[in-house]
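Enquirer: Before I ask anything, let me first share the structure, which is written out below as structure tokens.
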Amino acid sequence: MLRPFRFRTASLALSCALLLTGALLVGGCHRGGVANSATPPATRPEEMRAYVSALAGFGEKAVGSEAGVAAAGWILREMAALGLEDPHFEEFSFPYNTYRTYPLTITLGGQTQELAYDVLEASGGTAGSGLRAELAYVNIGAPEDFRGRDLAGKIVVLKRDENYDRSVQLQNAIAAHAAAMLYVSQAPGNLRQVGTVRHTFEPSHPIPALSIGRQDGQALIQALQAGTPVSASVRLDVTLSPLDAPGHGRNVIGRITGEDARRMILVSAHYDSWKAGASDNASGVAGILGVARRELARYRQLGRKPRYTLVFIAYDGEEIDLYGGYDYLRKHVFTPDPQQVLASVNLEMPVGADRESQATYPDTAQPTWSVIHSRIAVLEQTLAAVGSRLPAPLYPKLQGIDDVARISGGIIATDIQPHFRAGIPTLCTWTGTPWYHTSMDDPEHLDYEFLARSVDYFGEILYELMAHAPSEFAEVDPSLLKARVTPGLRSSTQEDLVVEVEVTGLTGQPASGVPLTVELLVRDFFPAWSDATGRIVTDAAGRAQFTVPAAALSLAPDGRFLDVTGGKDYPVVEVSAPVLGP
């Protein structure tokens with residue numbers, strides 16, 4: 001579980017008078033003689049409800065769907081109406097799956113019944129035929145749950161765990177040679193929780209992964225624990241979109257240009273969703289629109305620009321593979337002429353369940369209310385300064401992002417994953433709801449008073465960050481490494497591509513013995529070649545070399561990127577490098 005935050009540096013002494021606005025003390029001043037801040041009006045809960053209701057009203061906003069396109073257009077219009085500069089789309093291509101489903105039948109104690117299920121996105125199929133196999137219960141599907149057990153050819157049954165990513169659960173099942181995975185939801189009643197099981201950029205897996213309701217799953221688990229033989233019949237057909245007919249996603253972007261226009265702070269949330277997605281993540285998009293409105297009002301009143309440019313981004317494709325966050329870095333950071341991103345502030349479910357849900361389902365609706373962050377001084381000082389103005393903590397658990405990665409199996413399941421691994425100072429909300437990824441994640445199950453206070457809180461976070469010099473953002477979280485990827489130059493399409501990687505610690509010392517996972521992606525996010533065998537390892541000088549075959553590079557001439565991750569236990573560095581030339 002999340003651990004209490006401990007400061008490595010002392011809290012900042014505030015050098016100016018503070019003004020109390022509602023529950024949040026929102027005044028302050030920039031250091032170095034900058035004048036007192038204007039105090040924007042407190043955000044009203046009904047404004048947040050209107051935003052959430054409008055966005056949830058589009059229904060399930062899957063990336064590339066008609067509802068997703070309509071939602072993106074609505075966000076663009078809202079950004080323009082607020083007065084954000086240059087609201088626009090940035091598009092990307094990706095592979096998607098279509099599924100043909102058949103009944104899931106369970107045989108228990110000589111009785112056969114059908115169970116309702118949902119396909120977890122990126123599930124594998126059964127190769128045009130049916131699968132019949134025994135079931136085996138493996139708790140949450142962590143490595144220790146598989147250890148010493150012969151599970152080859154069996155269908156493993158495992159429970160959702162909010163701290164252990166479902167894609168890692170599936171990887172562990174595949175490694176144990178299981179034939180399929182039944183994912184038992186933990187939502188109230190028998191609601192099924194949907195989601196993706198993409199682990200890196202693979203669009204599908206070799207075995208099926210299906211989600212079933214908690215009541216159905218618990219009946220299977222009890223029978224298996226009692227020693228009753230249970231078997232299942234599964235059939236699932238999967239069709240992957242071809243390279244010449246990709247899906248299309250689009251990020252929505254607007255900005256407030258700063259006095260130092262080239263230095264930027266990102267303020268983001270994803271808008272694609274499973275089901276209506278009120279908490280996950282219409283609440284986040286409502287949050288960034290609320291923060292944008294608030295900060296525009298502040299700087300209009302002050303009669304000046306913010307110190308740094310504020311970039312507001314509504315990401316697409318987060319729910320299936322964090323596409324939006326990766327695409328933004330590719331276009332703006334991993335380029336020959338990169339923009340300087342000082343920090344990334346992401347609103348991932350900034351509010352969880354409403355108070356009624358918390359009271360009705362105390363076992364699953366206890367709010368997490370946390371902010372995870374890079375462990376660097378500028379962010380710790382900012383959190384301490386803004387937190388000191390509150391009568392009580394708004395997000396009482398402040399915790400390092402590396403802690404989340406460690407307990408989740410290495411995955412940071414939101415768009416900030418590549419930002420954090422690339423060394424960008426990062427803040428992100430981290431809350432929970434019993435309705436997560438279900439049909440009940442609707443506008444009636446949110447705490448709008450909390451969401452409004454959250455908007456004011458993050459407005460003050462941004463204003464406090466403006467007080468810090470660019471050099472203060474250069475520190476990198478001590479859990480990370482740094483990497484440089486250098487693709488060679490080819491003279492023709494017939495040549496293979498030799499790629500060199502150098503991995504160092506934060507002070508420049510070589511990082512030896514670091515296993516690397518490498519992927520070539522074409523047409524933005526189509527996997528063309530990869531090596532995750534563990535054979536590519538840095539030497540004593542922190543260097544490694546690998547060769548990408550010419551045939552993989554020839555699959556598509558556009559949108560080619562090498563994605564390189566490294567880490568001994570889980571990724572602690574990630575770099576995307578464009579592949580240029582023939």
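The values are calculated or read from the model by the stated rules, or taken from the named source; none is laboratory data. Treat the numbers as computed from the prediction; the structure is a model and nothing was measured. With ideal geometry, Cβ positions are generated from the backbone for all residues, glycine too; neighbour counts draw on all protein chains shown.
Enquirer: If the requirement is being of a type outside the set (K, R) and under 26 Å from the mean Cα position of the chain (by Cα), which of these qualifies: F146, F92?
Expert: Values: F146 fails: under 26 Å from the mean Cα position of the chain (by Cα).
Exactly one residue qualifies, and that residue is F92.
Enquirer: Also: Taking the residues in the range 206-259 that are within 30 Å of E295 (Cβ to Cβ) and among the polar types (S, T, N, Q) as candidates, determine which candidate is farthest from the chain's Cα centre (by Cα).
Expert: Filtering the range 206-259 for residues that are within 30 Å of E295 (Cβ to Cβ) and among the polar types (S, T, N, Q), the one farthest from the chain's Cα centre (by Cα) comes out as T257.
Enquirer: Something else now. Listed residues E144, E114; which is free of Cβ contacts under 8 Å to residues at least 12 places away in the same chain and touching a Leu at 6+ places or on another chain (Cβ under 9 Å)?
Expert: Result: E114 is the single residue among E144, E114 that is free of Cβ contacts under 8 Å to residues at least 12 places away in the same chain and touching a Leu at 6+ places or on another chain (Cβ under 9 Å).
Enquirer: Pull up the range 477-511, narrow it to residues that are more than 29 Å from the chain's Cα centre (by Cα) and among the polar types (S, T, N, Q), then point me to the one that is surrounded by the most Cβ atoms within 10 Å (Cβ to Cβ).
Expert: T493
Results for (1) modelled with pLDDT under 95; (2) within 21 Å of the chain's Cα centre (by Cα); (3) assigned by TED's automatic domain parsing to the domain that holds V267, shown as yes or no for each residue.
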site	(1), (2), (3)
A377	no, no, yes
R406	yes, yes, yes
G423	no, yes, yes
T429	no, yes, yes
D456	no, no, yes
G459	no, no, yes
E464	no, no, yes
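Enquirer: Continuing with the same structure: Might you check whether a residue that is part of a loop (DSSP other than H, G, I, E, B), farther than 30 Å from N172 by Cβ and of a type outside the set (A, V, I, L, M, F, W, C) occurs anywhere in the range 365-387?
Expert: Scanning the range 365-387, I find no residue that is part of a loop (DSSP other than H, G, I, E, B), farther than 30 Å from N172 by Cβ and of a type outside the set (A, V, I, L, M, F, W, C), so the answer is no.
Enquirer: Which of the residues spanning the range 512-534 are surrounded by fewer than 20 Cβ atoms within 10 Å (Cβ to Cβ) and aromatic (F, W, Y)?
Expert: Matches in the range 512-534: W529 only.
Enquirer: May I pose another question? So R421 ticks every box in (1) surrounded by fewer than 22 Cβ atoms within 10 Å (Cβ to Cβ); (2) basic (K, R); (3) closer than 28 Å to V564 by Cβ but one. Which box is left unticked?
Expert: So the condition that R421 fails would be (1).
Residues are listed down the side, and each one gets a yes or a no for (1) in a helix (DSSP H, G or I); (2) touching a residue at least 12 places away in the same chain (Cβ under 8 Å); (3) touching a helix residue (DSSP H, G or I) at 6+ places or on another chain (Cβ under 7 Å):
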position: T414; (1), (2), (3): no, yes, yes
position: G432; (1), (2), (3): no, yes, no
position: E444; (1), (2), (3): yes, yes, no
position: E449; (1), (2), (3): yes, yes, yes
position: V455; (1), (2), (3): yes, yes, yes
position: E460; (1), (2), (3): yes, yes, yes
position: T486; (1), (2), (3): no, yes, no
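Enquirer: Collect the residues in the range 491-538 that are assigned to a strand (DSSP E or B) and over 30 Å from D316 (Cβ atoms), keeping them in residue-number order. Before the answer, list the steps.
Expert: Of all residues in the range 491-538, those assigned to a strand (DSSP E or B) come to 497-504, 510, 515-522, 526-531, 537.
Selection gives V498, E500, E502, V503, T504, P510, P515, V537.
Enquirer: OK, next. If you take the residues in the range 121-138 that are of a type outside the set (A, V, I, L, M, F, W, C) and over 20 Å from E202 (Cα atoms), which one is surrounded by the most Cβ atoms within 10 Å (Cβ to Cβ)?
Expert: Y137
Enquirer: Name every residue in the range 564-582 that is among the small types (G, A, S) and part of a strand (DSSP E or B), in order of residue number.
Expert: Quick first cut of the range 564-582, residues among the small types (G, A, S) only: 566-567, 576-577, 581.
G566, S576, A577, listed by residue number.
Enquirer: Return the only residue of V498, V579, V503, V573 being hydrophobic (A, V, I, L, M, F, W, C) and out of contact with any Gly (no Cβ under 8 Å at 6 or more places or on another chain).
Expert: Details: V498 fails: out of contact with any Gly (no Cβ under 8 Å at 6 or more places or on another chain); V503 fails: out of contact with any Gly (no Cβ under 8 Å at 6 or more places or on another chain); V573 fails: out of contact with any Gly (no Cβ under 8 Å at 6 or more places or on another chain).
Matching residue, one of V498, V579, V503, V573: V579.
Enquirer: Before we move on, is L390 assigned to a loop (DSSP other than H, G, I, E, B), surrounded by fewer than 20 Cβ atoms within 10 Å (Cβ to Cβ) and out of contact with any strand residue (DSSP E or B) (no Cβ under 7 Å at 6 or more places or on another chain)?
Expert: So L390 fails the test.
Enquirer: May I ask you to verify whether W369 is crowded, with 24+ Cβ neighbours inside 10 Å, touching a strand residue (DSSP E or B) at 6+ places or on another chain (Cβ under 9 Å) and of a type in the set (F, W, Y)?
Expert: The answer is no for W369.
Enquirer: How many residues does the range 173-220 hold that are within 23 Å of T360 (Cβ to Cβ) and of a type outside the set (G, A, S)?
Expert: 13
Enquirer: When you go through (1) closer than 29 Å to E259 by Cα; (2) in contact with a Gly (Cβ under 9 Å, 6 or more places away or on another chain); (3) at pLDDT 95 or above one by one for M48, which number turns out not to apply?
Expert: Checking M48 against (1) closer than 29 Å to E259 by Cα; (2) in contact with a Gly (Cβ under 9 Å, 6 or more places away or on another chain); (3) at pLDDT 95 or above, the one that fails is (1).
Enquirer: How many of the residues in the range 55-92 are without any contact (Cβ under 8 Å) to a residue 40 or more places away in the chain, assigned to a helix (DSSP H, G or I) and not acidic (D, E)?
Expert: 6
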